[in-house]
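Each remark here refers to the structure printed beneath this line.
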Amino acid sequence: WKTRFHFENKRRVRGKEGKTEERERERGREGERDRAMARSTGKDAQALLHSLRSAYASTPTNLKIIDLYVIFAIFTALIQVVYMAIVGSFPFNSFLSGVLSCVGTAVLAVCLRIQVNKENKEFKDLPPERAFADFVLCNLVLHLVIMNFLG
């Protein structure tokens, strides 16, 4: 009885060791695949950035200026959020008004960019002056609402 139990127990241990070795081999293969995939992903990311940069080079200057304005508005909102996180949000209406002003202005600028873009076929009949007038009027309404929200 003892030898039989000992023999079965040894067989179980060997089976576990064999499975462990298989798992280690699989992990090694998966690690190699992951490293190869990371290299290919890095190359794909570089190719994507290169194609985006070359496509953006042909973008008209007025659209690039609008893009810079959008980036500035979002960056200003982020600075306000970081400031609120560090200092605190005692006048919460002021914080909310500032962030919503920046985000709203960025959204309106994106709408302006869509309307001014010559490649956009939906707004081909809309003159750029009309799109800019819409942008200014909507910004005026947005900031009147924000001033009212301040109290």
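The values are calculated or read from the model by the stated rules, or taken from the named source; none is laboratory data. Source: prediction; values computed, not measured. Please note: Cβ atoms are built from the backbone with ideal geometry, for glycine as well, and neighbour counts cover all protein chains shown. Each accessible area value is taken on the protein alone, full model and side chains, heavy atoms only, with ligands, DNA and RNA left out. Shrake-Rupley method; radii C 1.70, N 1.55, O 1.52, S 1.80 Å.
Of all residues in segment 80-95, which are open to solvent by 70 Å² or more (accessible area, probe 1.4 Å) and either within 17 Å of the chain's Cα centre (by Cα) or of a type in the set (F, W, Y) (or both)?
Y83, F90, F92
If I filter segment 90-109 down to residues being closer than 28 Å to N62 by Cα and out of contact with any helix residue (DSSP H, G or I) (no Cβ under 6 Å at 6 or more places or on another chain), which single residue comes out as modelled with the lowest pLDDT? Break it down into steps so the answer makes sense when it comes.
Going residue by residue through segment 90-109, those that are closer than 28 Å to N62 by Cα are 98-109.
In the following step, the residues that additionally are out of contact with any helix residue (DSSP H, G or I) (no Cβ under 6 Å at 6 or more places or on another chain) were identified as 100, 107.
On the way: L100: 94, V107: 97.
Per the criteria, the residue is L100.
Looking at T76, T59, can you tell me which residue is part of a loop (DSSP other than H, G, I, E, B), under 24 Å from the mean Cα position of the chain (by Cα) and at negative phi? Write out each step before concluding.
On the way: T76 fails: part of a loop (DSSP other than H, G, I, E, B).
Step by step, each of T76, T59 is checked, and only T59 is part of a loop (DSSP other than H, G, I, E, B), under 24 Å from the mean Cα position of the chain (by Cα) and at negative phi.
Looking at (1) modelled with pLDDT of 90 or more; (2) open to solvent by 100 Å² or more (accessible area, probe 1.4 Å); (3) of a type in the set (D, E), find the lone condition where D67 falls short.
(2)
Could you grab me the full set of residues in segment 125-151 that are closer than 20 Å to T61 by Cβ and not in a helix (DSSP H, G or I)?
Across segment 125-151, the qualifying residues are L126, P127.
Just a yes or no: is a residue in segment 77-99 farther than 24 Å from G151 by Cα and touching a Pro at 6+ places or on another chain (Cβ under 9 Å)?
Taking segment 77-99 first, the residues farther than 24 Å from G151 by Cα are 86.
Going one step further and asking which of them are touching a Pro at 6+ places or on another chain (Cβ under 9 Å), we end up with none.
The answer is no, given that none of the residues of segment 77-99 is farther than 24 Å from G151 by Cα and touching a Pro at 6+ places or on another chain (Cβ under 9 Å).
Listed residues K43, K118; which is open to solvent by 40 Å² or more (accessible area, probe 1.4 Å), basic (K, R) and part of a helix (DSSP H, G or I)?
On the way: K118 fails: part of a helix (DSSP H, G or I).
On inspection, the qualifying residue turns out to be K43.
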